[in-house]
Each structure stands twice: as C-alpha cells, then as structure tokens.
Number of protein chains: 2
Amino acid sequence: MTKELRFELLKTDGYARLGRLHTSRGLVNTPVFMPVGTLATVKAMTPEELESMGAEIILSNTYHLYLRPGYRTIQQMGGLHRFMNWKKPILTDSGGFQVFSLAGLRRIRDDGVEFRSHLDGSSHFLTPELAVEIQEALGSDIMMAFDECTPHPASESDTLKSLKLTTSWAKKCKVAKKTSQALFGIVQGGMFHHLRKQSAEELIEIGFDGYAMGGLSVGEPKELMYDMLNFTTPILPKEQARYLMGVGDLPDILEAVGNGVDMFDCVMPTRNARNGMLFTSRGKVRVKRAEYKNNPDQLDPECSCYTCRKYSLSYLHHLYMSKEILSMRLNTIHNLHFYLSFMKNMRTAIDQGTFEAFKSKWMEILKQHV
Amino acid sequence: MTKELRFELLKTDGYARLGRLHTSRGLVNTPVFMPVGTLATVKAMTPEELESMGAEIILSNTYHLYLRPGYRTIQQMGGLHRFMNWKKPILTDSGGFQVFSLAGLRRIRDDGVEFRSHLDGSSHFLTPELAVEIQEALGSDIMMAFDECTPHPASESDTLKSLKLTTSWAKKCKVAKKTSQALFGIVQGGMFHHLRKQSAEELIEIGFDGYAMGGLSVGEPKELMYDMLNFTTPILPKEQARYLMGVGDLPDILEAVGNGVDMFDCVMPTRNARNGMLFTSRGKVRVKRAEYKNNPDQLDPECSCYTCRKYSLSYLHHLYMSKEILSMRLNTIHNLHFYLSFMKNMRTAIDQGTFEAFKSKWMEILKQHV
C-alpha cells in the first residue's frame with residue numbers, strides 16, 4: 001500500500017458497497033463513474049464544468065497521450081493535472097487495451113508489445129516498464145498495470161497463457177514503480193472461472209493498491225459477462241477498491257455494483273451525447289427525431305443540469321441538426337450530469353439499504369426509448 | 001424613430017464617436033463589435049460566456065434561420081432571445097447579403113429575389129416584406145432593411161440601377177414593419193461618390209432608426225474601401241448609429257471608427273479561432289506552429305481571458321492538433337475576448353481624446369505575426 005491512496009468501506013447493502021477513496025488530491029465517493037478524458041480533455045468540457053456537475057475523478061489514456069502530445073511534453077508542462085487544468089484525481093490506464101485493439105498493427109512479445117501508431121504508422125514498443133514510466137511522467141493518482149486483454153472467444157490454453165503474461169507484466173510494473181502513485185492490478189482469465197480465480201490470486205500475491213477486472217464487455221453475451229462478474233468480484237480483497245474497466249452501460253453498472261464493484265469508466269455518456277443520444281429519467285431520447293422540432297419542453301423534466309434549465313428540446317434538436325459545436329457541449333453536459341447524478345442516487349440508495357429497489361426501478365426505465 | 005432604440009452621442013475625438021445605444025434589452029456601448037451567431041448560436045459559445053466577456057449585442061442571420069429551423073419554429077418557441085437563451089439585444093441582417101452570395105442559385109426581380117436553398121436546393125422567394133416578417137417573428141431588437149448588395153466591380157449604370165432597387169425595397173420594408181423593433185437602412189452606391197450620396201439621401205428621406213453601409217469589403221482594394229468610408233460616413237445623420245456591415249478586420253475597424261462608424265460585425269474572430277489563428281497584444285499567433293509544442297507560457301501575457309489564465313500554449317497547441325472541441329472553445333473565448341477588449345480600450349481612448357495614438361499603436365502591432 002502507498003500513502004497516496006486509501007479505500008474506506010463505509011457500508012454494504014447486500015454485496016453493494018458504499019465507500020470512499022482518499023487521495024492526496026481529494027476524496028472520491030464510490031461507487032464512482034469516471035468520465036473519460038482520452039487526450040487530456042473530456043471531450044467538449046472544461047474542468048470547471050466537470051467539477052460543477054460533481055465529477056471527482058477522471059480517466060485519461062496512456063496510449064493516446066504517449067503518441068500525442070507525448071509524455072515528455074506533459075511532464076515538462078508540470079504533469080497531466082497542470083497541463084489540462086484538472087486538480088482532482090486522475091486514473092490512467094496502461095495503454096494495454098488500446099494497443100491490443102490495434103489488430104494487424106501489433107505483435108505481442110514476452111517483454112512487451114510492438115505496435116504501429118494509428119496516427120502515422122510509426123513503430124513503437126510498449127513494455128510494462130515503459131507503461132509505468134509514462135504514467136509516472138503523467139503524474140496520475142492511480143496507475144494501471146500493463147496487461148494483456150484476452151480476446152473473446154479464446155481457448156482455455158490461450159487464456160491461461162495470456163493470464164500468465166499479465167501476471168508477469170504486473171510484477172514488472174510493481175518493480176518498476178518509483179513513485180508513491182497508486183498502482184492497480186488487472187484480473188484477466190477470460191471466461192473461465194478457475195482462470196479468473198488464478199489470475200486474481202496471483203495478483204493479490206504480488207499486492208496492489210486496488211484491483212480491476214479486464215477482458216469483460218469484449219463481445220461476450222451479457223449473461224456470460226454477468227456470470228464472470230458475479231464469480232470474480234467476491235474473490236477480490238474487500239478492503240480495496242474494485243474497478244470494472246471500460247464498462248458504462250447503466251444496466252451493467254447496476255449489475256456490477258450489485259456484485260460489489262466500486263469504480264467504472266466509459267466513453268458512453270460523452271460519445272452518445274455527441275451522437276445525439278441522451279439519457280433521461282424517462283429513458284433514452286434521440287434528439288434528432290422530427291417530433292422535437294417544435295417542442296418547447298425541457299429534455300428531462302426531472303433534471304437540473306444547465307442544458308435542461310436553459311434550453312428547449314426544440315433548440316437542442318436545431319443545434320444537433322445544424323451540427324453546431326454547442327450541441328455537443330449541451331448534450332455532453334446533460335449526459336455526464338445524468339451519469340454522475342445516477343451514481344450519487346445509487347450511493348444514497350446503498351446508504352439507505354434500498355439498492356435492490358433502486359436497481360429494479362432503473363432496469364425498467366433503462367429499457368425505454370422516448 | 002421608434003421607442004425601442006435611442007442613440008446617444010457622448011463624445012467625439014476627431015471624427016471618432018463615443019456613444020450608447022439604449023434598447024429595451026439594455027445598453028450597448030459604441031463603437032461596438034457584434035459577435036456573429038448565424039444559426040442562433042455564436043459558434044462554440046454559451047450566452048453566459050459571451051456575457052462574461054463583455055458582449056452587449058450579437059448579430060444573427062435571417063437567411064440561415066429562415067431555412068433552419070424556420071422562423072415560425074423560433075416564433076413558436078417565444079422568439080430568438082428565448083430560443084437561444086440570450087437576453088441582451090440582437091441585430092438581425094435582412095438575408096439580402098446571403099441571398100446575393102448564392103451565385104447561380106438566385107434571380108433578382110423588382111419585387112424580390114428567387115433563390116435556391118444551399119442546404120437542399122428548395123426554391124424560395126425573399127421579398128422586402130418577407131424579410132421584415134421574418135425579423136419580426138424572430139423578435140430582434142434591430143432589423144435591417146432588405147437591400148441589394150452591389151457587386152464589385154459594377155458599372156455606373158448598373159450601380160445606379162441597383163441602388164434604386166435598394167431604395168425601393170427599403171421603402172417597402174418601412175411600410176411593412178408592424179412592430180416597435182428598430183429598422184436600419186443600408187446605403188449602397190458601389191464605388192461612386194455621387195451614388196453613395198444619392199443612396200444615403202434617399203434613405204434619410206425615408207427615415208430609419210440607424211444607417212448601415214453595405215457593399216464594402218466585397219473584393220475592392222483597401223484604398224478604395226477607405227475612400228468610400230471616408231466619403232460616405234459624414235453624410236449619415238450624426239444623431240443616429242452608423243453601422244459598417246460585415247467588416248471586422250481590425251485595421252478596417254480602426255479606419256472606420258476614425259471616420260465616425262459606431263457598429264461592426266464579422267465572423268473573423270470566431271472563424272479564425274476555430275482555424276487556430278489567434279489575436280494577441282503582440283500580433284497574430286498560429287497555434288499549430290511546432291514551436292509551441294513545449295511552450296509553457298500563456299498565449300497572450302497581457303490577456304486576462306479564461307484561456308490565457310488557465311492554459312499554456314503547449315496545451316492549446318495539443319488541443320488544436322488533436323482537433324478537440326475544447327480547442328475551438330478556448331480559442332473562441334480568447335479571440336472574442338480580444339476583440340471585445342480591443343473595442344473597450346478604443347472607447348476609453350476616444351473618451352480620453354487619444355484615439356489617434358491608439359490607432360497608430362495598433363496599426364503597427366496588427367502587422368506582426370509571432
């Protein structure tokens with residue numbers, strides 16, 4: 001354990017957990033959703049806007065920042081927080097997931113991954129040691145170990161081989177780490193219970209400041225993902241934070257919190273916002289629909305965000321149809337506000353012992369398209 | 001004169017004028033620069049941001065709003081101010097300039113202009129009466145008469161014919177007007193002194209709430225434009241506001257204010273911002289230049305805007321290279337803040353009788369590229 005991060009478990013409701021991450025840059029209430037700021041900016045937002053809608057931590061991507069503007073540049077500018085003017089905690093991923101997603105552009109070796117940049121085709125070699133070096137230069141509050149994200153489907157023997165690599169890289173990351181930044185391990189093991197267990201046990205043996213589940217929501221059926229979640233989450237240490245990487249569909253978040261997960265990230269609220277898909281208390285709204293052209297109502301009557309307080313559906317429809325930048329701004333404000341309020345209300349429900357009712361209510365609403 | 005608009009001339013310094021437009025939606029200090037909100041949004045900005053950087057009036061485009069979302073929609077939503085959440089004055093153009101710019105897509109008749117939409121090719125017929133009807137439905141504070149923007153070059157006889165049409169349409173606009181919104185006439189007359197004089201006199205005879213100069217900055221040499229400005233401005237009534245349409249190059253604004261012009265609009269600060277061209281107290285900055293990649297300084301050390309206070313050139317360079325939405329936001333904030341501060345400082349100079357020194361100083365700076 002480092003001094004930089006402490007997880008405090010406040011209360012449980014079933015397996016759902018109410019907690020707090022204490023960091024040197026402030027408190028993070030869990031379960032938490034982390035908006036994604038891939039290139040040192042949560043798309044279309046200022047840090048002040050994120051803070052005003054209640055964001056307590058954001059995620060940024062090592063792979064993207066390594067390529068552009070480069071981690072040495074950010075380091076010279078005083079680190080990622082100062083570069084982007086965000087004073088609260090930042091979690092950085094390890095670059096592993098992005099590199100493995102570069103099908104055809106990468107080659108996995110025992111000591112790391114050779115890959116070509118999606119920007120200019122230039123060659124690079126990302127290792128566990130470099131992943132830590134980059135994240136240390138960025139100065140994130142929580143770093144992620146460099147892992148291999150096992151694809152789906154994968155045979156048992158391939159999955160075992162892959163998790164062994166993840167364990168070996170995780171060890172190297174821990175050895176390489178020079179700062180007091182927190183470091184999380186990432187559990188792999190594909191869709192096999194015993195391999196998930198093995199991966200978790202090997203990582204716990206090494207010892208990390210928190211544990212993530214990777215290799216889920218990679219194309220497998222929902223039932224299989226939920227089964228893996230249900231099996232794996234309880235194996236992870238109770239006294240540390242548990243993070244389900246890249247999952248942000250709200251029913252999945254509800255399911256995962258119900259299994260004891262504390263942390264989430266996803267581009268869904270921000271990307272959907274830019275595509276005109278908005279989350280509301282009555283279900284999903286596609287703002288481009290012609291019926292909104294002359295609708296003077298607010299997008300979500302139960303929402304208190306800037307967008308809902310100040311603008312009509314008619315205006316949001318017009319901005320979207322006109323491809324105005326303000327459309328992306330207003331939609332992003334609304335969707336992030338919705339996600340962050342959703343998590344806040346979920347925490348209240350856990351606190352009051354009513355998580356199951358909260359979950360049932362929202363599982364119904366989330367099926368609606370209005 | 002309507003009750004809705006009153007121009008108060010406070011002071012002169014040479015021909016430069018310090019004044020105030022009194023409107024039912026608040027005071028506008030002149031000389032004023034009006035940010036352009038073509039489609040009911042100043043691109044990338046919220047109304048609150050515009051207000052916080054000192055914008056007192058914005059311009060919106062009749063042609064664009066007529067096509068999308070349609071003026072009836074905006075009327076149903078309670079008018080343009082409410083639609084876009086902007087509470088201060090709005091000036092709308094008449095659509096004339098845009099329609100005439102649709103080369104090949106329009107045909108001029110005595111009673112109006114037939115044109116095809118640049119969006120979907122649909123046919124429309126814009127008349128002086130319709131231009132007023134649209135602007136009344138939008139509910140702008142200052143409407144512009146429907147004019148023919150004489151192209152450059154044009155022969156004396158074509159220019160005369162064109163100005164006669166402008167006069168006849170101006171008369172029709174005044175007759176058509178039903179509300180207390182202000183209506184400005186637009187002086188044409190091409191590049192002929194006696195025709196500029198004739199146009200101005202015919203419009204003054206009809207009587208408007210203010211007078212604009214149109215058909216300038218349409219491709220003629222600067223010297224010719226300055227000559228026309230110098231000749232035409234003093235002909236316009238001293239006790240009313242004078243508006244030079246679509247001109248926003250800062251040396252041109254300085255020249256025009258020096259001739260007694262009070263109002264300006266242009267897409268230059270906002271469009272250039274999105275293209276990474278930034279105005280500073282040391283000259284123009286192209287933020288994409290590689291030398292800014294590792295530059296920790298603020299864009300303009302003398303600027304107090306949000307962008308300059310919070311971010312480095314390095315970050316602005318990174319956002320621009322990454323085509324991030326925040327790049328367009330931060331650049332637009334800076335450029336509009338620069339323009340509005342520039343106008344404010346110019347008003348102070350007029351107030352203190354130092355306009356000529358202000359003009360000379362800036363004419364030098366504006367030649368610089370840094």
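Report ³J(HN,Hα) in whole Hz for each residue of segment B:35-40, in order, from the Karplus equation J = 6.51 cos²θ - 1.76 cosθ + 1.60 where θ = phi - 60°; Gly and Pro get x.
Rounded to whole hertz, the list is x, 9, x, 3, 9, 6.
Probe of 1.4 angstrom, ligands and nucleic acids ignored: what's the accessible area per residue over segment A:221-370, in square angstrom?
That works out to 38 Å² for each residue.
If you restrict to DSSP beta bridges whose two residues both lie in the protein assembly as shown, what percentage is antiparallel, to the nearest 5?
50 percent
Kindly tabulate the residues in segment A:31-66 with an accessible-area decrease of at least 20 Å² between the chain alone and the assembly of all protein chains, using a probe of 1.4 Å.
A:LEU39, A:THR41, A:LYS43, A:ALA44, A:THR46, A:GLU48
To confirm my reading of the symmetry, which residue of chain B has the Cβ nearest the axis that brings B onto A, and what whole-Å distance does it have?
Taking Cβ atoms only, the nearest residue and its distance are B:ILE325, 3.
For chain A, what is the relative contact order in percent, using Cα pairs closer than 8 Å and at least 6 residues apart in sequence?
Across chain A, relative contact order equals 17 percent.
At a 1.4 Å probe radius, carbon and sulfur cover how many percent of the accessible area of segment B:297-370?
Roughly 50 percent, rounded to a whole number.
Rounded to whole Hz and in sequence order, give me ³J(HN,Hα) for segment A:352-364 from the Karplus expression 6.51 cos²θ - 1.76 cosθ + 1.60, θ = phi - 60°, writing x for Gly and Pro.
Each residue's phi maps through the Karplus curve to give 8, x, 10, 4, 4, 5, 4, 4, 4, 4, 6, 4, 5 Hz.
When the chain is fully extended, how far beyond the present Cα-Cα distance does B:ASP111 get from B:ARG289, taking 0.36 nm per residue of separation?
Taking 0.36 nm per residue and subtracting the Cα distance, the gain is 59.0 nm.
Lys and Arg at +1, Asp and Glu at -1: add these up for the other residues within a Cβ distance under 13 Å of A:GLU133 and post the number.
Cβ neighbours under 13 Å give a net charge of +2.
What FRET efficiency comes out for the pair B:HIS369/A:SER52, r = Cβ-Cβ distance, R0 = 45 Å, nearest 0.05?
That gives a FRET efficiency of 0.75.
For segment A:75-168, what is the accessible area per residue in Å² when the probe is 1.4 Å?
41 Å²
Which cysteines in chain B lack any other cysteine whose Cβ sits under 4.7 Å from their own Cβ?
Flagged as lacking a Cys partner: B:CYS149, B:CYS173, B:CYS266, B:CYS305.
Nearest 100 Å², what total accessible surface is buried between chain A and chain B (probe 1.4 Å)?
Chain pair A/B: roughly 3300 Å² of buried accessible area.
How many angstrom lie between the C-alpha centres of segment B:23-51 and segment B:82-146?
Result: 19 Å between the Cα centres.
Compute a Gaussian network model of chain A, connecting alpha carbons closer than 10 Å, and tell me which residue from A:ASP265, A:ASP147, A:ASP110 fluctuates the most.
Maximum fluctuation in the GNM of chain A, among the listed residues, is at A:ASP110.
Would you mind listing the distances between the A:GLU291 label point and the same position in each other copy? Use 7 Å along Cα-to-C-beta, nm, one decimal, shortest first.
Those label-point separations list as 5.8 nm.
Between the label point of A:ARG106 and that of the same position in each other copy, find the distances and list them shortest first in nm, with every label point placed 7 Å from Cα along the Cα-to-C-beta direction.
Spacings between copies for this position, smallest first, are 5.4 nm.
Per-residue HN-Hα couplings for segment B:98-106, Karplus 6.51 cos²θ - 1.76 cosθ + 1.60 at θ = phi - 60°, whole Hz, x for Gly and Pro?
5, 5, 5, 6, 7, 3, x, 10, 9
What percent antiparallel are the DSSP beta bridges of chain A, to the nearest 5?
50 percent
For B:MET213, B:MET53, give me the order by solvent-accessible area with a 1.4 Å probe, most accessible first, ignoring ligands, DNA and RNA.
Descending order: B:MET53, B:MET213.
Gaussian network model of chain A, Cα springs within a sub-10 Å range: biggest mean-square fluctuation belongs to which of A:PRO221, A:PRO89, A:PRO128?
In this elastic network of chain A, the residue with the biggest mean-square fluctuation among A:PRO221, A:PRO89, A:PRO128 is A:PRO221.
For a quick check of understanding: with a 1.4 angstrom probe and all protein chains in place, what accessible area in square angstrom does B:ASP252 have, to the nearest ten?
Around 10 Å² of this residue is reachable by solvent.
Considering Cα pairs under 8 angstrom that are at least six residues apart, work out the relative contact order of segment A:73-162 and quote it in whole percent.
It rounds to 34 percent for segment A:73-162.
May I ask you to report, in nm to one decimal and beginning with the shortest, the distances from A:SER157 to the same position in the other copies, taking label points 7 Å along Cα-to-Cβ?
From this label point to the equivalent ones elsewhere in the assembly: 9.4 nm.
Only Cα pairs within less than 10 Å get springs; with that Gaussian network setup on chain A, which residue of A:LYS43, A:LYS171, A:LYS310 has the largest fluctuation?
A:LYS310
Within a Cβ distance under 12 Å of B:PRO269, other residues only, what is the Lys/Arg minus Asp/Glu net charge?
For residues surrounding B:PRO269, the net value is +2.
The values are calculated or read from the model by the stated rules, or taken from the named source; none is laboratory data. Computed from a predicted model, the values in this text were never measured in an experiment. Glycine also receives a Cβ, built like all others from the backbone with ideal geometry; neighbour counts cover every protein chain displayed. Just the protein is used for accessible areas: all its heavy atoms, side chains included, with ligands, DNA and RNA removed. Shrake-Rupley method; radii C 1.70, N 1.55, O 1.52, S 1.80 Å.
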